[in-house]
Structure formats: C-alpha cells, structure tokens
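The structure appears below as structure tokens.
FYI, it's all coordinate maths here, none of it is from the lab. Source: prediction; values computed, not measured. Every residue, glycine as well, gets a Cβ built from its backbone with ideal geometry; the counts of neighbours run over all protein chains shown.
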C-alpha cells in the first residue's frame, strides 16, 4: 500500500502482543497491507514461543496483561536475547511507567486510545531508527576492512561461465563457496550474486575471518547479551534477510568451525551470553584461496563443515586466464582513480596496453588495480609498463589491428615462443604468425 509512512514498513516482520482480540485485530488490519509479515500473540507465553520459532524486527505490545506486564516480559526477553525493537501501548501513562520503559529499552510509547496514523507513525519512526543504526554499524564495519566493491567486468569466456552460474544461483538460497587465488575477485562475485538475487535491497555483510581477533570473533559474528540492559547484535543478525560473506574460511579456529557448523545445520544463532537461539533468514557465501580438501586431509579443517559449504563451488579464474579482459579493466581503473583522486588520467598508448596484456599478473585483478592507482598518483607508469606509442585512447583500445596484436603475442607468450603451437591454438597458418611477428618486430 502506497502512503507516507516510508519504505521501512514494506520489508518488516512485526509481532503484535495483546490479550484483547479486538486490539490485536485492529493493529493487524492497519499493518498487514503495509508490512511483509504480521503475527499475533494473545499472551506473553505465546509470544515467547513465537520468538523461539521466528525473528521479528518489531514487537508492539500492551503493558497491562494477565499474569505479567508487558515491561516485565520485555526485560525477561532481553535477558534471553531479544533483538527486536519494541513499542509499548498503554492506557496508563505515568512517570514511573515511562522511566521503567526507558530502562527496559522500549523504543516508543503510544497512549490509548490512538488513531491509525499515530501507531503507523510510531512504527515508521522506530523501524527507520532501527535500520539507520544497523546501516551505521555495517558502514563502520566496512570502513574497518578492505572493501571489494565494483562490478564483475570482462567479456572473456572464463568470466562468462562465472556470470552464467551466478544467474542460475541467484534465485536460490543455496550456500556458495568461491575459490581461487588472492585478487581474483571472489568478494566482487559474491556481491554480484547478492545484487542479482531477491535479497538485493537487504544488507551484504563481508567478514574476513582471518582479520578478526580470535577472542572476539564469536561476539562479532553472533552478538552478545549481558543481562537485560546490554546487548549487541552480531553480524549474522545484522545481515538478516541479506547475504553474509565469510572470506578466508580456512583461517577459522576449530571452535569457530564447530559454531558455524551448528549455524548451518540449525539456521539459528545464539548470542554469547544469550539463552535463545535466534532464527536466521540469510544467504551464506564463503571464500578461500586455500585448497580445502588438502586442509581437511591435514586435519586443519572439519570435513563435515567442508561438505556443508561445498554444495556449489565457483572457481574464480586467474587474470592471466582471462587476459582479454585486462585492457577493459585497466581503462575502468584509470577512469575510476582519476575521478576519485582528482588527478589527471594517464594516456595508455598501444605499447603500454600491449605490455599490460603480456604481463602474467600473479596478483590478479588486485595487482592491476593497485598498479593503475599508483601510476595515477605518481603521474607515470613504471618503466616496465611505460610506452612511447603514438596511438592512444579509444583507438589504441578498440582498433582491430592492436586487438589482434595483443591477442597473438599473448598466445605466443603462453606457448613459450613456439610459433607452430601458437598458430595451432589461433587456428591460423604458421606463415601468418611469422608475417605478423615480423611486422611487429618480434
């Protein structure tokens, strides 16, 4: 339903707790057309059971109920591990109740009787604040890590195979394991998968398992609950509805491997110090540059966890195996760093592009990216990539003659200079290769 209450309601899951059926039905009628899911509970006991089965973004509850007040229930649930925000509705407004509600962590306070727009405004404010805090926390997390952003660029056959697999997996909840050498773009591929899925509007949270302190990693991932007053949502819960990407999984401690296995099996997470397992709704992606089968054989990685995460394996190609993408990537990085650094772009002439294409790039896309950034900062390419060609710009990049030269010489390099083998791979005669090499002074 289109209205002025914000997009935050659209994807929200809300639990209504009230012992009066009329009030529950009234709130449900208002919220259901605007929210993803609205559930009802007629008692604190029923609400507790529902929280054990599903995670909610928001709980709207009455304060005066038989057996237990709403505030008593909130305090109890926070000790167990309640991470939903709460809105208290009551007909009895006094200073003591307001102070108790504040101490219990209640997000908003609505007095009975109220109109539909009052409760909708309260829900919208609470969810906006909740998502703003979540996004702020995730932004700080991203700023503290080496963020891999950008698009999965290239037209090579090797990358086309990766894209095809991502498209096939996008609508599915299946975990995905990305393998490949450092710098091949495993996180970029995982972000692309997230953007292609129906989770694209939800968070993508990347975690480098090797970068987190071993004594704090459980709290960072699963969250922490200390009494009724202190709680911190972990990255698993902050990624709710979206995608959690765990990089360098081979570096996880044995204890963390066991905890992750339980999460995968149960689809639930228990915060450190909490007493409740919180249901999860997220996609898990994993990445490693290590041979996990060998790690399993050597006893460094749990075999049961390996089989859990290795349902679908996407092997990211080395840059040297998709060398036809190098010129496109170099041009993109040049434009990006010239704009972001406020420095003039360097001319990439035909000689420079040829040298970039013929280099092996052991550091893969990351090495190419770093080279272009460093060159923009210094105002020149290093000697091994500097060129003195007269053709620059789009002509150097797109000219058929230069594209052919870069491709033939690259294949010749792959064949260690064996022109007969290069001709066979290219599907041309040996004389053609000899003639081209002579023309290029090779």
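For the range 7-133, rounded, prolate or oblate, judged on the Cα gyration tensor with a ≥ b ≥ c (square roots of eigenvalues), a/c < 1.5 rounded, else prolate if a/b > b/c?
Rounded, because the longest to shortest axis ratio a/c is under 1.5.
Of the residues 424, 358, 374, which exhibits the maximal mean-square fluctuation in a Gaussian network model of the chain defined by a 10 Å Cα contact cut-off?
Among 424, 358, 374, the largest mean-square fluctuation in the Gaussian network model of the chain belongs to 424.
How high is the relative contact order of the chain, in percent, counting Cα pairs under 8 Å that sit 6 or more residues apart?
13 percent
On a 0 to 90° scale, report how tilted helix 70-80 is relative to the longest principal axis of the chain, with both axes built from alpha carbons and the result rounded to the nearest 10.
40 degrees
Do the sum for the chain: with -39,500 (n - 2.57) for every DSSP H run of n ≥ 4, divided by all residues, what is the mean residue ellipticity at 222 nm, to the nearest 500 deg cm²/dmol?
Here the helix-only value at 222 nm equals -14500 deg cm²/dmol.
Whole angstrom only: what separates the Cα centroid of the range 336-395 from the Cα centroid of the range 170-197?
28 Å
So, in Å, what gap is there between the alpha-carbon centers of the range 418-442 and the range 66-132?
Value for the Cα centre distance between the two parts: 77 Å.
Cut-off 10 angstrom, C-alpha nodes, Gaussian network model of the chain. Which of 426, 412, 371 fluctuates the most?
The residue that fluctuates most here is 426.
In the chain, what percentage of the DSSP-assigned beta bridges are antiparallel, given to the nearest 5?
Bridges in the chain that DSSP calls antiparallel: roughly 15 percent.
Sketch the reach of a paramagnetic label on residue 43 as a point 7 Å from Cα along Cα-to-Cβ, and name the residues of the range 6-33 whose backbone nitrogen lies under 16 Å away.
Of the residues in the range 6-33, 17-21 have backbone N under 16 Å from the label point off residue 43.
So what's the Cα pair-distance distribution over the chain, bin width 20 Å, in %?
21, 41, 26, 10, 1
Have a look at 247, 383, 360 and tell me which one the Gaussian network model of the chain (Cα, springs below 10 Å) gives the largest fluctuation.
383
Along its principal axes, what span do the Cα atoms of the range 260-351 show, with the longest given first and each in whole Å?
61, 33, 20
Return one number: the angle in degrees, 0 to 90 and rounded to the nearest 10, between the long axis of the Cα atoms of helix 254-266 and the longest principal axis of the Cα atoms of the chain.
For 254-266 against the chain, the angle is about 70 degrees.
For the range 319-439, what percent of Cα pairs sit more than 24 Å apart?
Cα-Cα pairs of the range 319-439 separated by over 24 Å account for 29 percent.
Based on the Kirkwood radius over alpha-carbon pairs, what value in µm²/s does the Stokes-Einstein equation return for the translational diffusion coefficient of the range 157-315 at 37 °C and 0.692 mPa s?
Result for D is 203 µm²/s.
Compute the angle between helix 95-104 and the longest alpha-carbon principal axis of the chain, please, reported from 0 to 90 degrees and rounded to the nearest 10.
Approximately 40 degrees, to the nearest 10.
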